[in-house]
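S.K.: Below: one structure in structure tokens.
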Amino acid sequence: MFWLTLIAALCTGTKSIYLGILLFSLVALLSLQVPKKIKWSLTLGVIFLGIASMFLLFSSELFTGIIQEDGWLSAVLSYRNELLMKDTLPYIQENWRTLHYFIGGLSQPLARPQLELIDLFLYFGAFGMLLYLYLFFKNYFNFSLKAREIAFYVVLLTVPLITGNFFYNASVPIYLILLKLVIKERELTSHTIRSNQKLKPV
């Protein structure tokens, strides 16, 4: 299932997924319990493959054409920056009043640039966005995490900054809850094993 999922992800052609795979791989390799020489060799190998993949991606005719005509930012963000400048900002200027900057207000969903934090700001405003993020982190991260798991979550929450639909996609909360349950189950299993080892007679 893991390899099938990985192959399917590679076949999507989505830049944010490629970036996520690269960063997740680096975190996994750096947390491996192997000799440092092997660990750093594998890490350098993954970095090299990541750079090579990005080079091939941006060497294709499609991306080369976008870069030449509209610049690197448009190629990386898939024209979300253009959407921000041409649709989002004019919408704010025409429709928003002072109160909207605090509580948001988006009657035209197509005006959002699909950049996660900017989308949240459009929907909820500055006050609403901060409250939303506070409640999200407070209620979700109410369990202990190891350093590797923290790093995984940092990657998971960082990659969507260049994309959208993370916080309000209906399927994402389900996946996040499943991930949380898996981590808590492993923590419980590990705690049970340690307790049993302590109870064993010497």
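S.K.: Tally up the residues in segment 7-20 that are assigned to a helix (DSSP H, G or I) and either touching a strand residue (DSSP E or B) at 6+ places or on another chain (Cβ under 7 Å) or open to solvent by 40 Å² or more (accessible area, probe 1.4 Å) (or both), please. Write out each step before concluding.
M.R.: If we filter segment 7-20 for residues that are assigned to a helix (DSSP H, G or I), which is where we start, we get 7-10, 15-20.
Narrowing the set further to residues that are either touching a strand residue (DSSP E or B) at 6+ places or on another chain (Cβ under 7 Å) or open to solvent by 40 Å² or more (accessible area, probe 1.4 Å) (or both) leaves 7-8, 10, 17-19.
Count: 6.
S.K.: From the list Phe167, Phe143, Phe127, which one is hydrophobic (A, V, I, L, M, F, W, C), closer than 24 Å to Lys15 by Cα and either exposed (fewer than 13 other Cβ atoms within 10 Å of the Cβ) or in contact with a helix residue (DSSP H, G or I) (Cβ under 9 Å, 6 or more places away or on another chain) (or both)? First the steps, then the outcome.
M.R.: Details: Phe143 fails: closer than 24 Å to Lys15 by Cα; Phe127 fails: closer than 24 Å to Lys15 by Cα.
Step by step, each of Phe167, Phe143, Phe127 is checked, and only Phe167 is hydrophobic (A, V, I, L, M, F, W, C), closer than 24 Å to Lys15 by Cα and either exposed (fewer than 13 other Cβ atoms within 10 Å of the Cβ) or in contact with a helix residue (DSSP H, G or I) (Cβ under 9 Å, 6 or more places away or on another chain) (or both).
S.K.: A further question follows. With the checklist (1) open to solvent by 60 Å² or more (accessible area, probe 1.4 Å); (2) modelled with pLDDT under 80; (3) not aliphatic (A, V, I, L, M) in hand, flag the one item Tyr101 doesn't pass.
M.R.: (2)
The values are calculated or read from the model by the stated rules, or taken from the named source; none is laboratory data. No experiment lies behind these values; they were computed from the predicted model shown. No Cβ is skipped: glycine too gets one built from the backbone with ideal geometry, and neighbour counts run over all protein chains shown. To get the accessible areas, we keep the full protein, side chains included, count just its heavy atoms, and leave off ligands, DNA and RNA. Shrake-Rupley method; radii C 1.70, N 1.55, O 1.52, S 1.80 Å.
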